[in-house]
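Notes follow once the structure below has been shown.
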Amino acid sequence: PEDCAVFQCRGCWTVLGDSLHLCAQEERRLGLLVCFKVTNDVAWEDSLMVGLEGALLGCAYKALCCRSCGLIVGFILHSASRDLAYLRGFFCFFKDSILCYLLKNHMIIEASKVNFPAVTLKE
């Protein structure tokens, strides 16, 4: 309970998920919070997109967006390079697109400034 947070859309503050479903963090390349479950306010595209540049080059994914305001908040990887393969099938939120409401402090803070306990899917 000390480290619990609710993940909200940066555009409209709709609740998208929470830290109880956080299963990984990717800091170096993409700045992600990775969850295995999200709220019904998260929608994803029906069609696959392919990354043409950057960290998602050659990856097939579906964009995640906020149902309330339409802001793109992340993606679900369907095929990926070896170094990102561990993220396949999970809900990956861009830290720059979400805010965190910290339950203990009753504060809203940018996700990029929150340090959650270490969790990883790589092992």
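Could you pull out every residue, at least 5 positions away or on a different chain, whose amide H is within less than 5 Å of the one on Leu71? Hs are placed 1.01 Å off N in the peptide plane, and Pro or chain starts have none.
Answer set, sorted by chain and number: Cys66.
Per residue, how much accessible area does the chain show when a 1.4 Å probe rolls over the protein heavy atoms, in square angstrom?
Numbers: 6890 Å² over 123 residues.
Roughly 56 Å² per residue, with all protein chains present.
As an exercise, take the mean of 1/r over every pair of distinct alpha carbons in the chain, invert it, and state the Kirkwood radius in angstroms.
Taking the inverse mean of 1/r over all distinct Cα pairs, the chain comes out at 14.5 Å.
What list of ³J(HN,Hα) couplings, whole Hz, do you get for segment 53-64 from phi and the Karplus terms 6.51, -1.76, 1.60, once you set θ to phi - 60° and write x for glycine and proline?
Using θ = phi - 60°, the values come out as 7, x, 5, 9, 3, x, 8, 9, 8, 10, 6, 9 Hz.
Please list, ordered by chain and number, the residues whose modelled amide H lies under 5 Å from the amide H of Cys12; skip anything fewer than 5 residues away on the same chain.
Correct list: empty.
Give a residue-ordered list of calculated ³J(HN,Hα) values for segment 97-104 (Karplus: 6.51 cos²θ - 1.76 cosθ + 1.60, θ = phi - 60°; whole Hz; x for Gly, Pro).
Ordered by residue, 3J(HN,Hα) equals 9, 10, 10, 10, 9, 7, 5, 5 Hz.
Can you give me the solvent accessible area of Glu45 with a 1.4 Å probe, rounded to the nearest 10 Å²?
80 Å²
Compute the distance from the alpha-carbon center of segment 97-117 to that of segment 30-95, in whole Å.
20 Å
Kindly write out, for segment 82-93 in residue order, the coupling ³J(HN,Hα) from the Karplus curve 6.51 cos²θ - 1.76 cosθ + 1.60 (θ = phi - 60°), rounded to whole Hz, with x marking Gly and Pro.
My calculation for segment 82-93 gives 4, 6, 10, 4, 5, 8, 4, x, 9, 8, 9, 8 Hz in order.
The values are calculated or read from the model by the stated rules, or taken from the named source; none is laboratory data. All values reported here derive from a predicted model rather than from experimental measurement. The accessibility values were calculated without ligands, DNA or RNA, using every heavy atom of the protein model including side chains. Shrake-Rupley method; radii C 1.70, N 1.55, O 1.52, S 1.80 Å.
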